[in-house]
Amino acid sequence: MAILLDSASLADAAAAAELGFVGGITTNPALMARETSDPLAQLERLITAFPAGPLCFQPLGDTASEMIDQGRAAVALSPQRVVVKLPATLEAIRAATALRAEGCHCALTAVYTPAQALLADEVGCKWIIPYVDRAARQSVGGLVVIDALAAILTALHSDTRILAASLKSSQQVIDSVLHGAHDVTAPLDVLTGLAAHPLTESAVAEFAAAAAKAQAAAQ
């Protein structure tokens, strides 16, 4: 199981690295656009800010050749760490096929159907990435999607993993894992929220109060 940060922010990357349980970073063009006009340069900075684990980079472009060129440039920055993240379209799958032939790590994103998962397995993608909250908002059913993807990958005895994305709450993270997601990626606030619960906080307060009382009595 891997828990990843979904962000292109250097501050978020540095904070996630300090948490200890975050195993990598996913980005996309929208996240990159919030931070920079030069995604490749930002990717290089993220590699430094987060010194271990995979980093997903999503090329832009409508043609396989455009995506291949950008994917190669991204992988060149850190061949063992960079995963080229491509939408589950025919042109992008063509790009993934070419990049996989060169030994690049690839993932298919915006995956909603078992048929797309079948193609990802055939190409040899590391991950398929369904958008859980987006599917739920479109009445597709984010967990239904994960169920279907998990079933086809199990039937194929596939090494491709489900990386659940578009997660907006701790509950969506947990539900995704319970329904078959191997890994998850979420914004920093969702990741830090995984440790939060009122009963835990009240227990910590009780421990502190008991300790303070004991110290006062000993004086």
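When the range 166-206 is examined, which residues are found to be free of Cβ contacts under 8 Å to residues at least 12 places away in the same chain and small (Gly, Ala, Ser)? Of everything in the range 166-206, those that are free of Cβ contacts under 8 Å to residues at least 12 places away in the same chain and small (Gly, Ala, Ser) turn out to be Ala195, Ser202, Ala203, Ala205. If the condition is being outside any helix (DSSP H, G or I) and within 18 Å of Ala33 (Cβ to Cβ), then the range 58-83 contributes Gln58, Pro59, Leu60, Gly61, Asp62. The condition of being more than 20 Å from Cys56 (Cα to Cα) and without any contact (Cβ under 8 Å) to a residue 24 or more places away in the chain holds for Gln138.
Against the numbered list (1) over 15 Å from Ala110 (Cβ atoms); (2) open to solvent by less than 10 Å² (accessible area, probe 1.4 Å), Ala165 comes up short only at (1). The requirement of being without any contact (Cβ under 8 Å) to a residue 12 or more places away in the chain, within 26 Å of Glu44 (Cβ to Cβ) and surrounded by fewer than 17 Cβ atoms within 10 Å (Cβ to Cβ) is satisfied by Ala101.
Does Ser139 qualify as being out of contact with any Gly (no Cβ under 6 Å at 6 or more places or on another chain), assigned to a loop (DSSP other than H, G, I, E, B), of a type outside the set (A, V, I, L, M, F, W, C) and at pLDDT below 95? So Ser139 passes the test. Per the conditions (1) under 29 Å from Phe21 (Cα atoms); (2) crowded, with 16+ Cβ neighbours inside 10 Å; (3) not hydroxyl-bearing (Ser, Thr, Tyr), the sole criterion not satisfied by Gln80 is (2).
Could you please let me know if Val132 is touching a helix residue (DSSP H, G or I) at 6+ places or on another chain (Cβ under 7 Å) and among the aliphatic types (A, V, I, L, M)? Full working, then the answer.
Numbers: touching a helix residue (DSSP H, G or I) at 6+ places or on another chain (Cβ under 7 Å): yes; among the aliphatic types (A, V, I, L, M): yes.
It is true that Val132 is touching a helix residue (DSSP H, G or I) at 6+ places or on another chain (Cβ under 7 Å) and among the aliphatic types (A, V, I, L, M).
Looking only at the range 95-125, residues that are β-branched (Val, Ile, Thr) and assigned to a strand (DSSP E or B) come to 1 in all.
In the set (1) within 19 Å of Asp183 (Cβ to Cβ); (2) open to solvent by 30 Å² or more (accessible area, probe 1.4 Å); (3) at pLDDT 95 or above, the condition left unmet by Thr109 is number (2). From the list Leu163, Leu86, the one residue that fits, being in a strand (DSSP E or B), touching a residue at least 60 places away in the same chain (Cβ under 8 Å) and at negative phi, is Leu163. Among the residues of the range 91-98, none qualifies, meaning not one is closer than 18 Å to His179 by Cβ, open to solvent by less than 20 Å² (accessible area, probe 1.4 Å) and not aromatic (Phe, Trp, Tyr). Of the candidates Thr154, Thr200, Thr192, the single residue that is at pLDDT 95 or above, farther than 22 Å from Gly24 by Cα and either open to solvent by 60 Å² or more (accessible area, probe 1.4 Å) or assigned to a helix (DSSP H, G or I) (or both) is Thr154.
Being open to solvent by 20 Å² or more (accessible area, probe 1.4 Å) and touching a strand residue (DSSP E or B) at 6+ places or on another chain (Cβ under 6 Å) is the filter; apply it to the range 48-77 and report the residue that is farthest from Gly24 (Cα to Cα). Step through it out loud before you land on a result.
Going residue by residue through the range 48-77, those that are open to solvent by 20 Å² or more (accessible area, probe 1.4 Å) are 48-49, 51-54, 58, 60-63, 65-66, 68-70, 72-73, 76-77.
Still in the running and touching a strand residue (DSSP E or B) at 6+ places or on another chain (Cβ under 6 Å): 53-54, 58.
Numbers: Gly53: 5, Pro54: 5, Gln58: 15 Å.
Among them, the one singled out is Gln58.
The set of residues from the range 176-188 being within 14 Å of the chain's Cα centre (by Cα) and open to solvent by 10 Å² or more (accessible area, probe 1.4 Å) comprises Val177, His182, Pro187, Leu188.
The values are calculated or read from the model by the stated rules, or taken from the named source; none is laboratory data. If you're wondering where the values come from, they're calculated on a predicted model, not measured in any experiment. Positions of Cβ are generated from backbone atoms using ideal geometry, with glycine treated the same way; all protein chains shown enter the neighbour counts. For the accessible areas, the whole protein counts, side chains as well, though only heavy atoms, and no ligand, DNA or RNA atoms are used. Shrake-Rupley method; radii C 1.70, N 1.55, O 1.52, S 1.80 Å.
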